[in-house]
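Undergrad: Quick one: this structure, given as structure tokens, is what I'll be asking you about.
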Amino acid sequence: MQKLHYSVQIDAPKEKVWRTMLGDQTYREWTSVFAPGSYFDGNWDKGSKIMFLAPEKDGKLSGMTSRIVENKPFEFISIEHLGVISDGVEDASAEAAKGWTGAHENYTLREANGRTEVLIDMDSDDEYVEMFERTWPKALAKLKELAEK
């Protein structure tokens, strides 16, 4: 497991960035960089279960099952991954899940002078580091574009 860090400066107040980052429609837009058709099922409340999903070519769903560890509105959200979803079925014991179980994904927002810095700190299975290195900058650029509208 590796610790990965990403950030972006957005010319918008943190409340707007937060809503853009977590709102259903805009979430789908900026996360489509990771997987076309990405969406979440659940909510962002502390303690809640949430699933991050994307349709596969055969129409079945894949993704992650997670829980919200912390939610301080407009400032910080922490997600703990619990398992994977493969062919539409949750599985915390699959080999693919073992590399993610207990991994955290944290989002911190810091505002100064009407600009918001979004910091992402996440644990990643070694197998996915290269993909995240390619896709996180693109996803954050999309988030920036959406939040600055």
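The values are calculated or read from the model by the stated rules, or taken from the named source; none is laboratory data. None of the values given here were measured: they were computed from a predicted structure. Backbone-built Cβ (ideal geometry, glycine too); neighbour counts: all protein chains shown.
Undergrad: If you go through the stretch 101-122 one residue at a time, how many are over 18 Å from Lys72 (Cβ atoms) and at pLDDT 95 or above? Step through it out loud before you land on a result.
TA: We begin by selecting, within the stretch 101-122, every residue over 18 Å from Lys72 (Cβ atoms); these are 101-103, 113-115.
Retained after the next criterion (residues that are at pLDDT 95 or above): 115.
Within the stretch 101-122, residues that are over 18 Å from Lys72 (Cβ atoms) and at pLDDT 95 or above number 1.
Undergrad: What are the pairs with Cβ atoms under 6 angstrom where one residue, in the stretch 120-147, is in a helix (DSSP H, G or I) and surrounded by 16 or more Cβ atoms within 10 Å (Cβ to Cβ) and the other, located anywhere, is among the hydroxyl-bearing types (Ser, Thr, Tyr) and modelled with pLDDT under 95? Sequence gap at least six, or different chains.
TA: Matching pairs, first to second residue: Phe132/Ser124.
Undergrad: Looking at the stretch 108-119 only, could you name the residues that are surrounded by 14 or more Cβ atoms within 10 Å (Cβ to Cβ) and either under 27 Å from Leu82 (Cβ atoms) or not basic (Lys, Arg) (or both)?
TA: Thr108, Leu109, Glu111, Thr116, Glu117, Val118, Leu119
Undergrad: Counting only residues that are more than 14 Å from Pro73 (Cβ to Cβ) and among the aliphatic types (A, V, I, L, M), which one in the stretch 10-33 is modelled with the lowest pLDDT?
TA: Val33
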